[in-house]
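Following: one structure in structure tokens, then a few remarks.
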Amino acid sequence: MRVLWFAAAAVVLFGCNKQKLAPDEGSDKPSLSMATDGLWQDMGPVEVDGFTNAIESVTVNGASVPIEGDGFVAEVGVGRGVTLIEAIGTDARGDTYFARQGVLAGEFQDPNPPISDALTIRLNRSGLQEATDLVGGLIDPVALTAGVTALNPIYQDAYGVFGWDAVTIQADLVDIGFDPLIITSNPSPGVLAVEVVIPNIEVLTNATGEVVAIDFDQDVYVGADNAIITADLTVGVVNGQLDIQLIDPVVQLDGFWYDVSLLPGDIESFILVDTIRSTIEDMLVAKMDEMLPALLADTLGGLDISFDLELLGTQISIAATFADASIDAQGIQLTTDIMVNVPPAIDKPWVGYLGAPAAPAAPPMLDDIGLSVSDNLLNNTFFQVWRGGMLSLDLDSERGELEPVLLAQLGATNAARVKVDANLPPVLIDRDGKAQVQLTELDVRIDTPGGDNGEYIDLSVTAFIELELSIVDGNLTLELGTPDLILDVRDSDWGASNNSITNLLADQLPIGALLLLLGDIEFPLPSLAGISVNSGDAWRESSGVYTTVAIDL
């Protein structure tokens, strides 16, 4: 995941025309400033305190406020996400001056515990069939017969002829063969009705013994056109793992046949065959009870999102555990709790990640797999990335990390340095049914020692970026649209007013070139036992706090 390095790129790509700014004249020039009592705010009214010099009138976010003495106080309503507060003052000549500050408002969550219901997954009827097909392919004769020799002997008897103990017989199971399994499932509220068909099953047993002092050792074949096992499956969660139980399995052998033609005629073959048939039926039920729930649990377990990656030298860990599982008439729904972990690297005041209001997740029910990705997962990840220092940057030409020529439009000559420092994490919110990434109070320091314009400039960046959602190469891709960037020069030695420099940089910012340096935000999507995503679609859910994903396998 590559996140919002546009701020550093912005300062590198400023301007197409090198200009000198006229210095401000007079020491008592008009000015204004303003501030809130913090960058982290609750939603609702926020108090703004401002100061003025030679200013006749002031508006704050478009509303007129009175000036009392050399200052003013205003209240600004802030909603969830980033709000840029802008005070605009007008002097006696009608010239305007501005001051800007961004705040982040909302209900903030502790970033350290797992995120509850971070990802809701539906395996719908078509996807469920894909899962059972996968499981059926994993049950082959070798897997099915593993350990069955422990049942031997499956038949043993001794009886007399003419008063003598003349017949002894023992039958051992040797091998089982069959064609690929066919597993079908039918979900209904609470249970998954499963039918397992084992076609062309053939069981080889070896019968040994003695008939009237004559030893024999013969193969005995029994089988059926189909072995049909029916049962109900239940799905639950125990200690973060899926718990699947097979309920009341029943087996039926259709087209049962046997061949005991090579056995001595004095052996009661029907008793032998009936016993072997009963043993086979019991064995198949026991094996399905042992294998089917475990294999299905392993297959469904692949639907969680757990991965580690290294980004710009920082390790990110995403670990998921199942929180709930249920079956309805359309399939199986799973919810996960997810822990996001990035080692903290910066020491800044924080309140928490931007929490999403509670709302029921509603994954799609018509595609193979439907997902609802909570904004809590995305915003917690953004917060962890921010706290991990991945929005901090320090490039210095003396260390060979930056070519001064890249900042020539800002007056750099022989040396340059760019430092980026994010005071707040980026956040994702819903705006008119679309996902938007917001970031404010991103401080940028540009040093140009011996520069033509001056030697330093400090500015702050606020950005609002709409996202286009898509599925690309098995990832949920949040493609960055054209950013709405608002700059605010806070300090410089350029000899012109901060407002003048801000306006110059805003006019010359090359958005097209900037976009070339931006990367999309990507989250891996779960796969089903290694089957990757074939196609899919993503959109914002109507509650405004989930991203919905529909996947075809």
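The values are calculated or read from the model by the stated rules, or taken from the named source; none is laboratory data. Fair warning: this is a prediction, and the values are worked out from it, not measured in the lab. All Cβ positions, even for glycine, are placed from backbone atoms using ideal geometry, and neighbour counts span all protein chains on display.
Apart from one condition, A358 fits all of (1) in contact (Cβ under 8 Å) with a residue 12 or more places away in the chain; (2) over 16 Å from the mean Cα position of the chain (by Cα); (3) assigned to a loop (DSSP other than H, G, I, E, B); the exception is (1).
Confirm whether L233 is within 30 Å of A319 (Cα to Cα), of a type in the set (A, V, I, L, M, F, W, C), in contact with a helix residue (DSSP H, G or I) (Cβ under 6 Å, 6 or more places away or on another chain) and buried (at least 19 other Cβ atoms within 10 Å of the Cβ). Here the answer is no, as L233 does not meet what is asked.
Taking each residue of the range 90-118 that is part of a loop (DSSP other than H, G, I, E, B) and looking for partners that are basic (K, R) with beta-carbon atoms closer than 7 Å, six or more apart or interchain, yields G106/R80. Report, by residue number, each residue of the range 186-242 that is in contact with a Gly (Cβ under 8 Å, 6 or more places away or on another chain), of a type in the set (D, E) and within 30 Å of V167 (Cβ to Cβ). Within the range 186-242, E202, D215 qualify.
So is V385 β-branched (V, I, T), surrounded by fewer than 23 Cβ atoms within 10 Å (Cβ to Cβ) and assigned to a helix (DSSP H, G or I) or not?
Numbers: β-branched (V, I, T): yes; surrounded by fewer than 23 Cβ atoms within 10 Å (Cβ to Cβ): no; assigned to a helix (DSSP H, G or I): yes.
In short, no.
Looking for something within 30 Å of G301 (Cβ to Cβ), within 39 Å of the chain's Cα centre (by Cα), assigned to a strand (DSSP E or B) and not aromatic (F, W, Y) - is there at least one such residue anywhere in the range 64-75? Lay out the reasoning, then the answer.
Of the residues in the range 64-75, the ones within 30 Å of G301 (Cβ to Cβ) are none.
No, the range 64-75 contains no residue that is within 30 Å of G301 (Cβ to Cβ), within 39 Å of the chain's Cα centre (by Cα), assigned to a strand (DSSP E or B) and not aromatic (F, W, Y).
Residues in the range 175-191 that are touching a helix residue (DSSP H, G or I) at 6+ places or on another chain (Cβ under 8 Å) and either part of a strand (DSSP E or B) or farther than 21 Å from P293 by Cβ (or both): 8 in all. The single condition among (1) in contact with a Pro (Cβ under 8 Å, 6 or more places away or on another chain); (2) of a type in the set (S, T, N, Q); (3) without any contact (Cβ under 8 Å) to a residue 24 or more places away in the chain that N124 does not meet is (3). Just one of the numbered conditions (1) polar (S, T, N, Q); (2) touching an Asp or Glu at 6+ places or on another chain (Cβ under 7 Å); (3) under 23 Å from A323 (Cβ atoms); (4) at pLDDT 95 or above is not true of Q109: (2). If you take the residues in the range 473-502 that are out of contact with any strand residue (DSSP E or B) (no Cβ under 8 Å at 6 or more places or on another chain) and not polar (S, T, N, Q), which one is surrounded by the fewest Cβ atoms within 10 Å (Cβ to Cβ)? Among residues in the range 473-502 that are out of contact with any strand residue (DSSP E or B) (no Cβ under 8 Å at 6 or more places or on another chain) and not polar (S, T, N, Q), the one surrounded by the fewest Cβ atoms within 10 Å (Cβ to Cβ) is D473.
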